[in-house]
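See structure below.
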Amino acid sequence: MNLTRKEITEIAASIELFYGTLRGFVEVESGGDGFGKDGRIVIQFEPHIFSKYLTEKKIPHTLTKKILNGKTFYAIEVPKTPLLVSKGKSTDGIKAGSWHILNGVEGQTAEYKAFSIAMSIDPQSALLSTSIGLMQVMGFNHQKLDYKTVNEMWDDFKKGEFQQVAGGARFIKGTPKLWAALKAFQVATNDKDRLAAARIAAYYYNGSNYEQGQYHIKIFNAIKKHSV
């Protein structure tokens, strides 16, 4: 992340948080960069969400969950356009000729390859089903970030990391229990209460499996580090 302390402080103040609170949270909940080495915004395509939108639009397809070498893969098949999206790092067992990507920010070339296929199937569904930028906010959250359309969100996030973190801050404020937890953290007077607040924040940003990645511990440590 290339933002200055002043810029992060400005964004944090807009949602009544301290510099250290937002800085620590962003450190944990981002891949570290909003753009790849090629200058393109960082993305992560989500096949199961894409499938939901295709279903709503009655676009024929199938979504299949596969377990290969202990990793979970999702295969989306659309007539004449096979799309295989991985949630793990192993590609063993995937049939030759299938599209496959790593469901993580370390595989951006492959992510964009699959994303472009999804765009050719249904652009709007593809944009809604992809998380973008430094804090990997999903496209379907655009209204929570005060954007009228998902295209508007993409266009703004492409301008820079400041816009991405500012958007992430609006997402935080637009998720009341997440916002309240971070505010509670910064006024807590002991580590027990801080950890309890970090646990709530981790749940509302990472989902019910947050403990597997120890996100509550990471948030607790990062905010304390940047609040010194």
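Every number in this text was worked out from the coordinates using simple rules, so none of it is lab data. In this text the structure is predicted, and so the values were computed from the model without any measurement. All Cβ positions, glycine included, derive from the backbone under ideal geometry; neighbour counts span all protein chains shown.
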Practice prompt. Find which of Val26, Thr55, Ser208 sits farthest along the positive direction of the dipole of the chain, computed with +1 on the beta-carbon of Lys and Arg, -1 on that of Asp and Glu, about the Cα centre.
Written response: Ser208
Fill in: FRET efficiency for Asn2 and Asn190, using Cβ-Cβ distance with R0 set to 41 Å, rounded to 0.05
0.75
Response to the item:
Per the 1/(1 + (r/R0)^6) rule, R0 = 30 Å and r from the Cβ atoms of Ser116 and Glu77, FRET efficiency to 0.05 is 0.95
Worksheet item: Whose amide H sits under 5 Å from the amide H of Phe73, counting only residues 5 or more places off or on another chain, with H placed in the peptide plane?
Response: Lys66, Ile67, Leu68, Lys87
Response to the item:
The extension gain from Lys177 to Thr109, computed as 0.36 nm times the residue separation minus the Cα-Cα distance, is 20.9 nm
Discussion item. If I model a spin label as a point 7 Å beyond the Cα along the Cα-Cβ vector, how far apart are those points for Ser227 and Lys148 in nm?
Written reply: 4.0 nm
Fill in: Volume in Å³ per residue [convex hull over Cα atoms, computed for the chain]
125 Å³
Discussion item. Given R₀ = 30 Å, what would the calculated FRET efficiency be for Glu16 paired with Gln214, taking r from the Cβ atoms and rounding to 0.05?
Written reply: 0.65
Worksheet item: Given only helices, namely DSSP H runs of n ≥ 4 each adding -39500 (n - 2.57), what is the per-residue ellipticity at 222 nm of the chain, to the nearest 500 deg cm²/dmol?
Response: -14500 deg cm²/dmol
Fill in: Candidates Lys57, Lys66, Lys218: whichever shows maximal mean-square fluctuation once the chain is modelled as a Gaussian network with Cα springs under 10 Å
Lys57
Worksheet item: So, by mean Cβ neighbours within 10 angstrom, what's the order for 23-33, 180-190, 207-217 with the highest one leading?
Response: 23-33, 180-190, 207-217
